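One structure below.
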Amino acid sequence: MALLWANVILSGVLMGLVYGLIALGLTIIFGVIRVVNFAHGALVVFGLYVGYFTGLWWGMPTIVAALIAGALMFVLGYCLEILIVKRFVTRPHHVQFIVFIGLSLLFTGVQLISFGPDPRPSVSQLSFETITFGSIRVDLARLQAAGATTVLILALAAFLKYSSFGRFIRAAADNRLGGLIVGIPIPRIYAITFGIGTACAGFSGALISPLFDAQPYLAVDFTLLAFVTVIVGGLGSFVGALIGGLTIGVTEAVAALLIAPSMKTAFSYGLLILVLILRPRGFFGAKGT
Amino acid sequence: MRNVTGKGLTRRTVLGGSFGLAAGLMPWRADAAPPNVKVGSIMPSSGVLAFPGQSCVRGIDLGARFAKDRFGVEIEIVHADTQSKPENGRIAADSLIRQGCTVLIGAWDSGATISALQAAEAARVPMVVHIASATQVTSQGFTQVFRFYPTSLTVVRKSLVEFKTMLAGLDKPPQSAAVLHLNNTMGQSTAASIDQAWKEADVPVKITEYIPYDEKARDLSVEVAKAKASGADSLISVTRVNDAIMVTRECVKQGWNPRIIFTPNGNGVQDKAYYEALGKYADGALASTMYYNPRAPDTEAIIKKFETDYPNQWLDANSGCAFEAVQIVADAVVRANSSASADIHAALKQTDMTPILMNSGRIKFDENGQNINSAITLLQAQKGKPRVIAPLDIAEASIQYPIQPFEAR
C-alpha cells in the first residue's frame with residue numbers, strides 16, 4: 001500500500017509540474033501585458049502537433065522538437081502581438097476576451113483543416129519508457145517535462161532578474177505609463193513578451209506530446225487547465241504556476257486513489273472554488289489580480 | 001384484301017396487342033423500381049470519438065454504393081456530426097429530418113443515440129442503430145428504434161460465455177481480474193452488465209475491484225496503479241480506443257503484465273489506431289464485439305472494395321456495422337417500395353434478413369426494436385491485426401495465452 005501511495009503521489013507531482021508547464025505561458029503574458037489569453041490552449045495544441053509530426057516523420061527527440069516548437073511559436077506570438085493583440089491592450093477586458101476567444105476558435109479551425117479531427121497518439125518510444133528507483137517506477141516523459149518546467153522557470157526568472165531586457169519587462173509589468181515616460185520601448189517589450197509566452201505554450205505542447213494525443217479539440221481542455229492552475233497559484237506568478245500545477249496534480253491523484261478516479265477532475269474544480277473563496281488572488285498572486 | 005392470317009388476327013391486331021402488352025408491362029416495371037431514399041447518418045465524426053466515427057462514415061458510404069448494386073436502391077446519404085457530444089444527437093437528427101431524410105442511421109455513442117431518438121420519435125422517422133449498446137436505447141419505449149447492435153447486457157453475457165469456454169481450455173487460467181471502465185452511459189451500463197452476467201455465467205475468476213474513470217481523462221496512471229495494486233492477475237477493460245491506448249501504455253510503464261487483457265464491450269483491439277499507437281505492445285489483448293464474418297460469401301469482395309476506396313484504412317467493426325445498417329435500410333425500402341418514413345418503419349418491423357457482412361444470425365427486430373439474433377465474435381490482437389479466435393466455425397487463429405510480458409517484446 002505504501003508503494004502504491006508513493007507511486008501515486010510521485011505521479012501527481014510529475015503531472016502537476018506538467019500542468020505548471022502548460023500554464024506558464026498564460027501567466028507570463030498576463031503578468032506583463034495584463035491580457036487574458038483564451039487562445040492559450042490552441043497554442044499549446046500547435047506545439048503538440050509539432051511534437052507529433054517531428055516524431056512521426058524524423059523520429060526527432062521530444063526535447064529537440066520542443067525547442068523547435070518554441071522557436072516557431074515565438075515568431076507566431078511576436079507577429080500576433082504586433083498585428084492584433086497590441087490594438088486591444090488598452091481596451092476593456094470584455095473586448096479582449098472576445099478577441100482571444102475568436103483567436104482560439106480560428107486556431108482550432110486552422111488545426112481542423114490542416115490536421116483533421118482525429119486524435120493522433122504519439123508514436124514516440126518515450127511514451128512507453130520508465131526508469132526505476134528501487135520499487136518506484138518513474139514515467140520518463142513526465143520526468144522530462146517536469147525537469148524542463150523547472151529549468152524553464154529558473155531560466156525565465158534569471159532572465160527577468162539579471163538581464164537589462166528583463167528589467168525592462170518588469171518595469172513594463174509594474175507601470176506601463178511610467179515605462180513609456182522614461183523611454184522604455186513598451187510596444188517592443190510587449191511583442192517579445194507575448195512571443196515568449198507563446199513560445200512557452202508551443203514548447204510545453206511539444207514536450208507533452210508523448211503524454212497526450214494531438215487533436216484540435218484539446219484546446220478548450222488546455223485553456224481551462226491553465227486557468228485553473230494559474231488561478232490557484234496566482235495570476236502572473238511563475239512560482240504560482242508551478243505550485244498551482246503541483247497542487248492540482250497531487251489533489252487529482254489523491255482524489256483518484258482515495259475516492260474515485262472519475263471524480264478527480266471534479267476535485268480540481270472544487271479546489272479552484274475553495275481558493276477563490278478563501279484567497280481570491282491565489283497562492284502567489286499580487287493584490288488586485 | 002382477304003384476311004389470310006386467320007379470322008380476326010390482322011397485322012393491326014398484332015401491332016395493337018403488342019402496344020397493349022408493352023403498355024401493360026411498363027407501369028408494372030415502373031412500380032417495381034425501388035424509390036430513391038434520403039438517409040441521415042449521425043456519427044461522432046470529430047472530437048474524442050472521431051476514430052470510430054469516421055470509420056462508421058466510411059462504412060455508411062460504402063454500404064450505400066453496395067446497396068445500389070445489390071438492391072437497386074439509390075440511397076442519398078446526408079452526414080451529420082455529433083462532435084462526440086451526446087447532447088448533439090438530437091440537434092443532428094432534427095437537422096437531418098428538416099433536410100428531408102426519411103430514415104436515420106446512428107449514432108455510435110449510446111448517449112448521442114438516445115438524444116437523437118428523441119427527435120426521431122417526435123418526427124416519427126425510423127432510426128436504425130448500427131452501434132450503441134446501452135440497454136436504455138430499446139428500453140425507454142421508443143417506437144422508431146431498430147437496433148442492429150446487441151444490448152450491453154447481451155454483449156457481455158455472450159462474451160462471458162465465450163470467455164468461460166476459452167478459460168476452460170487454458171493452462172493456468174487467470175484467477176482474478178480488475179475491471180477498469182468508462183464512467184459514461186455505455187461504460188456504466190456495461191459495468192452493471194458485467195456485474196450481473198459474471199455471476200450468471202459463473203466465471204471462475206474473482207473480480208477484485210471496479211475502477212470507473214472519466215471519459216475525458218488525460219491520464220490513467222492512478223487508475224492502472226489501482227488495478228495493479230488490487231492484486232488482480234488480469235484486466236477487464238471497457239474503453240474507447242484512445243483510453244485503450246492509454247491503459248496499455250500505463251501497463252507497460254508500470255511494469256504490469258496481466259495474463260489477459262479482455263474488453264467484453266468496447267473499443268481498442270478492433271481499431272487500426274490501437275495498433276499504430278502501440279506497435280509491438282498491442283498484441284495479446286482480447287475483445288468481443290460484433291465483427292465481420294470472414295467466411296461470409298460477400299466478405300472478400302467487400303473488403304477488397306473497401307481497401308480500394310479507402311487506402312490505408314481497415315474494414316473494422318465500426319465500418320462493418322454501419323455497412324450492415326445501410327443494407328437493413330435498403331432491404332426495408334425495397335420491401336416497402338416507398339421512401340416514406342411510415343412505410344419504411346412498417347417494413348423494418350417485418351425485417352427478416354441474412355446479414356451480408358457481419359457475423360450474426362438472421363436480423364429480426366422484437367417489439368422493442370432490438371435485433372434478437374445478434375452474435376458475438378472474440379478477437380485477439382495478433383501480429384498487429386485483430387484476428388477472429390471464436391466462434392470456432394469462423395475462427396482465423398487460435399488464442400495466444402498468456403499475453404507475452406511487455407518488457408520481453
Query raised in the report: Within the stretch B:219-273, which residues are of a type in the set (Lys, Arg) and more than 12 Å from chain A (Cβ to nearest Cβ)?
Result: B:Arg259
**Report entry** Leading residue by the ranking (nearest to the other protein chains (Cβ to nearest Cβ)) among those in the stretch A:226-264 that are among the polar types (S, T, N, Q) and more than 13 Å from the chain's Cα centre (by Cα)
**Finding:** A:Ser262
Requested in this report: Taking B:Gly40 as meeting all but one of (1) of a type in the set (Gly, Ala, Ser); (2) at pLDDT 90 or above; (3) not in a strand (DSSP E or B), write down the number of the exception.
Outcome: (3)
Query raised in the report: Can you name the condition, by its number, that B:Gln136 falls short on among (1) buried (at least 24 other Cβ atoms within 10 Å of the Cβ); (2) modelled with pLDDT under 95?
Result: (1)
Report summary line: A careful count of residues in the stretch A:87-116 that are in contact with a helix residue (DSSP H, G or I) (Cβ under 9 Å, 6 or more places away or on another chain) and within 17 Å of A:Phe38 (Cβ to Cβ) gives 15
Report task. Would you confirm whether any residue within the stretch A:40-51 is in contact with a strand residue (DSSP E or B) (Cβ under 8 Å, 6 or more places away or on another chain), surrounded by 23 or more Cβ atoms within 10 Å (Cβ to Cβ), more than 13 Å from every other protein chain (Cβ to nearest Cβ) and not aliphatic (A, V, I, L, M)? Result -> yes
Query raised in the report: Where residues in the stretch A:57-116 are part of a helix (DSSP H, G or I) and of a type in the set (S, T, N, Q), which of them is farthest from A:Ala219 (Cα to Cα)?
Result: A:Thr62
Report task. Check whether at least one residue in the stretch B:51-67 is in a strand (DSSP E or B) and in contact (Cβ under 8 Å) with a residue 12 or more places away in the chain, and report yes or no. Result -> no
Report summary line: Taking the stretch B:123-174 and keeping only residues that are in contact with a Lys or Arg (Cβ under 7 Å, 6 or more places away or on another chain) and within 16 Å of B:Ser237 (Cα to Cα), one is left with B:Pro174
**Report entry** Sole residue being out of contact with any Pro (no Cβ under 9 Å at 6 or more places or on another chain) and farther than 24 Å from A:Arg34 by Cβ, chosen from A:Leu224, A:Leu246
**Finding:** A:Leu246
Query raised in the report: Pick from B:Ile105, B:Ile97, B:Ile114: which is in a strand (DSSP E or B), surrounded by 19 or more Cβ atoms within 10 Å (Cβ to Cβ) and in contact (Cβ under 8 Å) with a residue 12 or more places away in the chain?
Result: B:Ile105
**Report entry** Unmet requirement for B:Asp309, which otherwise passes all of (1) closer than 23 Å to B:Tyr275 by Cβ; (2) surrounded by fewer than 18 Cβ atoms within 10 Å (Cβ to Cβ); (3) within 16 Å of the chain's Cα centre (by Cα)
**Finding:** (3)
**Report entry** Any chance A:Phe227 is surrounded by 22 or more Cβ atoms within 10 Å (Cβ to Cβ), out of contact with any strand residue (DSSP E or B) (no Cβ under 6 Å at 6 or more places or on another chain), assigned to a helix (DSSP H, G or I) and in contact (Cβ under 8 Å) with a residue 24 or more places away in the chain
**Finding:** no
Report task. For A:Val8, indicate whether it is under 30 Å from A:Ile169 (Cβ atoms), out of contact with any Cys (no Cβ under 8 Å at 6 or more places or on another chain) and within 10 Å of chain B (Cβ to nearest Cβ). Result -> no
Report task. Just one of (1) surrounded by fewer than 24 Cβ atoms within 10 Å (Cβ to Cβ); (2) away from chain A (no Cβ under 14 Å); (3) within 14 Å of B:Ala325 (Cα to Cα) trips up B:Ser41, so point out which. Result -> (1)
Query raised in the report: What are the residues in the stretch B:75-94 that are within 27 Å of B:Gly266 (Cα to Cα), in a strand (DSSP E or B) and not hydrophobic (A, V, I, L, M, F, W, C), if any?
Result: B:His79, B:Asp81
Query - Failed condition for A:Pro185, given (1) more than 23 Å from A:Met73 (Cβ to Cβ); (2) surrounded by 12 or more Cβ atoms within 10 Å (Cβ to Cβ) - result: (1)
Query - Filter result (among the hydrophobic types (A, V, I, L, M, F, W, C), part of a loop (DSSP other than H, G, I, E, B) and in contact with a Leu (Cβ under 8 Å, 6 or more places away or on another chain)) within the stretch B:170-214 - result: B:Val203, B:Val205
Query raised in the report: Is there a residue being surrounded by 23 or more Cβ atoms within 10 Å (Cβ to Cβ) and within 25 Å of B:Gln400 (Cα to Cα) anywhere in the stretch B:140-151?
Result: no
Query raised in the report: Is there a residue in the stretch A:265-277 that is within 14 Å of another protein chain (Cβ to nearest Cβ), among the hydrophobic types (A, V, I, L, M, F, W, C) and under 18 Å from the mean Cα position of the chain (by Cα)?
Result: no
Report task. Return a yes/no flag: does the stretch B:155-178 have any residue that is surrounded by 18 or more Cβ atoms within 10 Å (Cβ to Cβ) and within 14 Å of chain A (Cβ to nearest Cβ). Result -> yes
Report task. Look through A:Leu21, A:Leu76, A:Leu72 and report the one residue that is of a type in the set (A, V, I, L, M, F, W, C), under 17 Å from A:Ile196 (Cα atoms) and crowded, with 23+ Cβ neighbours inside 10 Å. Result -> A:Leu21
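The values are calculated or read from the model by the stated rules, or taken from the named source; none is laboratory data. In this text the structure is predicted, and so the values were computed from the model without any measurement. Methodologically, a virtual Cβ is constructed for each residue, glycine included, from the backbone with ideal geometry; neighbour enumeration extends over all protein chains shown.
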